[in-house]
Amino acid sequence: MAIGLLLLRLTVGLTLAAHGTQKLFGWFSGPGLDGTGKGMEMLGFLPGRRHALMAGLAEVGGGLLLALGFMTPVAASVVFAVMLVASVSAHLKQGFFITSGGYEYTLILGVSGVSVAFTGPGVLSLDTLLGLHLEGALWGAGAMLTGLVGGAIQLRGRRRAPTPQAAAA
């Protein structure tokens, strides 16, 4: 079980951290802050560059915390929140499957991340090394609820992106 949880944490956490570096630094053929900021503005997150910075930091920070198994419920709630926002704002309208730009991928990352708050990070984690026992139904539900609230706050702050006709006027 320990190796399975380690593999799950490393895969989800490092994948999310890599996505964050695409946003922040343009690594791995990413758009960087300016390109991500423009995309965020098209999704209604204004100012776009600030939202790109926050999303990138959440992905890198939450992903690394999850990969390390450190402060696992915090990591899980951040991962869940950022994937909820991505799912609803960018992918929901395209349906489920990623081949059509759907939310399949973000759903898997978000639910996988928050699942670790329920199970705990396993013995091969910093939480265990430090004697922190932050797992179980209460911690998992708390991480999920915190992620839902955090994601909902971000989504509530969105503004409708201007139509091309309004932008031209």
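Scan the range 1-55 residue by residue and report those that are open to solvent by 50 Å² or more (accessible area, probe 1.4 Å), under 23 Å from L66 (Cβ atoms) and among the hydroxyl-bearing types (S, T, Y).
Residue satisfying the conditions is T11 alone.
Are any residues in the range 52-66 over 22 Å from E104 (Cβ atoms) and touching a residue at least 40 places away in the same chain (Cβ under 8 Å), and if so, which ones?
Those that are over 22 Å from E104 (Cβ atoms) and touching a residue at least 40 places away in the same chain (Cβ under 8 Å): V60, G61, L64, L65.
Which ranges mark the helices (runs of 4 or more DSSP H) fully within the range 54-129 that have 2 or more residues being closer than 15 Å to G20 by Cβ?
Details: elements: 72-86, 104-119, 126-129.
Answer list for the range 54-129: 72-86, 104-119.
Looking only at the range 1-34, count every residue that is over 13 Å from the mean Cα position of the chain (by Cα) and either part of a helix (DSSP H, G or I) or touching a residue at least 40 places away in the same chain (Cβ under 8 Å) (or both) and tell me the total.
Of the range 1-34, the ones over 13 Å from the mean Cα position of the chain (by Cα) are 1-11, 22, 24-34.
With the extra rule that they be either part of a helix (DSSP H, G or I) or touching a residue at least 40 places away in the same chain (Cβ under 8 Å) (or both), the set shrinks to 1-11, 22, 24-25, 32-34.
Of the residues in the range 1-34, 17 are over 13 Å from the mean Cα position of the chain (by Cα) and either part of a helix (DSSP H, G or I) or touching a residue at least 40 places away in the same chain (Cβ under 8 Å) (or both).
Quick one: is T146 surrounded by 13 or more Cβ atoms within 10 Å (Cβ to Cβ), within 17 Å of the chain's Cα centre (by Cα), among the β-branched types (V, I, T) and assigned to a helix (DSSP H, G or I)? Steps first, please.
Working: surrounded by 13 or more Cβ atoms within 10 Å (Cβ to Cβ): yes; within 17 Å of the chain's Cα centre (by Cα): yes; among the β-branched types (V, I, T): yes; assigned to a helix (DSSP H, G or I): yes.
Answer is yes for this residue.
Which residue is least open to solvent (accessible area, probe 1.4 Å), if the candidates are limited to the range 111-143 and must be over 18 Å from the mean Cα position of the chain (by Cα) and more than 19 Å from L6 (Cα to Cα)?
Top of the filtered list is A137.
The values are calculated or read from the model by the stated rules, or taken from the named source; none is laboratory data. Only a predicted model underlies this, so the values are computations on that prediction, with no experimental measurement involved. Please note: Cβ atoms are built from the backbone with ideal geometry, for glycine as well, and neighbour counts cover all protein chains shown. Side chains are part of the model used for accessible areas, which takes the heavy atoms of the whole protein and leaves out ligands, DNA and RNA. Shrake-Rupley method; radii C 1.70, N 1.55, O 1.52, S 1.80 Å.
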